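Just so you know, all these numbers are worked out from the coordinates, no wet-lab data involved. Nothing here was measured: the structure is a model prediction, and the numbers come from that model. For neighbour counting, all protein chains shown are included, and Cβ atoms are generated from backbone atoms with ideal geometry for every residue, glycine included.
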Amino acid sequence: MIFFLLGRSKRLRAALGALARAGAAARFCAAIWAALAAGFWAVADAAPAGAACAGRDLAAEMAASDPARLARIRAAAAAQPYHEGRLWRISRKGAPDSWIFGTFHSAEPAVAAPPPEALRALRAARVLMLEVTPEETARMQAALRARPDLLMDLGGPGLDALLNEEERALARRVFAAYGMEWDMARRLRPWFAQTMLAQPPCALAEAQGAPVLDARLAEAAAGLGKPVAGLETWRESLGALMEQSPDEQRAGLLQALALANRAEDFQRTAAALYLRDQTLMIWEFGRALTRQILPEAEAERSERAFWRRVVSERNARFLRAAADELARGGALIAVGALHLPGKDGMLALLAEQGYALTRIPVASTASAPATRESAPLAPGEDPLLAPAGRAPVAPVAPGR
């Protein structure tokens with residue numbers, strides 16, 4: 001899922017307050033959002049100071065309280081190919097190996113540190129490929145300075161036009177938890193409001209502009225002298241959400257508002273599932289949680305639109321962009337973990353193109369065979385300089 005580096009809460013509140021006093025002057029809005037929308041890899045400190053995340057791992061709790069329901073969710077994930085695994089070797093005769101690594105867009109320390117196995121792949125790679133490069137992020141900043149209306153509805157009805165009176169009352173309460181008064185929050189574009197609400201206030205406060213996994217990989221690549229290439233432009237990335245129809249905007253916003261009080265628990269649950277290599281379970285568990293709150297038809301409509309625009313269509317675009325580097329070999333592709341699994345996931349698409357895929361266990365993951373990238377580090381060994389000396393294992397079948 002797409003998250004953005006927005007900035008710090010003091011800057012947000014002070015700038016928005018000044019914006020309100022200035023009568024929504026366009027130049028003020030441009031300065032605000034250029035400062036806030038500084039990248040794609042972390043989230044804002046938009047929550048009240050002192051907030052701390054204390055979410056619960058709902059999947060672990062369900063294993064004890066309702067194991068049958070958890071089994072159904074797991075079965076839904078397992079029915080899809082490549083439903084588990086964060087790191088994979090990509091092989092084809094006549095070219096050096098490449099790798100694909102699923103990341104988690106959060107600054108939480110447990111998921112933001114690159115694992116040794118990914119760093120080994122980076123060391124062996126010729127090029128790192130990310131969703132969006134730091135240079136492309138800089139171009140986005142410049143565009144937002146010139147076009148603040150991309151993020152805010154300066155002259156129109158804003159979110160008021162999408163919500164009825166009862167829904168606006170809910171929105172006021174939800175945005176208040178993020179330190180935003182409704183007079184300010186209602187000016188957000190619907191897609192941007194959804195993006196903000198996808199992270200709980202505590203996660204925004206914890207981030208403090210800290211780099212997430214993708215950004216740390218870019219830093220490591222720079223330290224190793226490896227080039228960093230992008231898989232899409234910032235316009236393509238934002239377009240996945242900006243081009244929503246009015247019905248999709250309303251459905252997505254209502255879903256974000258309805259789930260906001262569970263966002264902290266889901267953030268913790270998603271991180272735990274990610275660290276257990278259960279990538280598609282993140283999506284399936286989210287679907288199950290949504291259906292506790294929203295009617296089936298409403299939830300399905302929102303999810304289908306999101307998956308098509310944000311995941312499926314971008315999977316194909318990413319692989320078109322990576323085709324030449326994969327043909328040469330030696331590429332490490334790092335994308336959000338939800339881009340890997342499923343029938344339309346990047347792994348299945350790679351298999352259709354004739355590539356052999358070998359799952360590489362990460363950290364404590366024990367459900368995949370050992371590979372050369374997952375050899376334990378010797379005491380004091382620098383993971384960036386660790387040799388890759390183990391023999392490869394046979395590629396796994398789809399669905400492992």
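Summary of computed values
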{"quantity": "Among 315-321, 87-93, the order from most to least packed when residues are scored by Cβ within 10 Å on average", "calculated": "87-93, 315-321"}
{"quantity": "Cα-based shape type of segment 119-238, given that a ≥ b ≥ c are square roots of the gyration tensor eigenvalues and the cut on a/c is 1.5", "calculated": "prolate"}
{"quantity": "Relative contact order computed over segment 76-151 (Cα-Cα under 8 Å; 6+ residues apart), in percent", "calculated": "16"}
{"quantity": "Rounded if a/c under 1.5, otherwise prolate or oblate - segment 60-153, Cα gyration tensor axes", "calculated": "oblate"}
{"quantity": "5 angstrom amide H check on residue 340, placed H, neighbours 5+ away", "calculated": "346"}
{"quantity": "Electrostatic dipole magnitude of segment 128-267 [Cβ: Lys, Arg +1; Asp, Glu -1; Cα centre; debye, to 20]", "calculated": "280"}
{"quantity": "Prolate/oblate/rounded label for segment 210-309 (Cα gyration tensor, a/c 1.5)", "calculated": "oblate"}
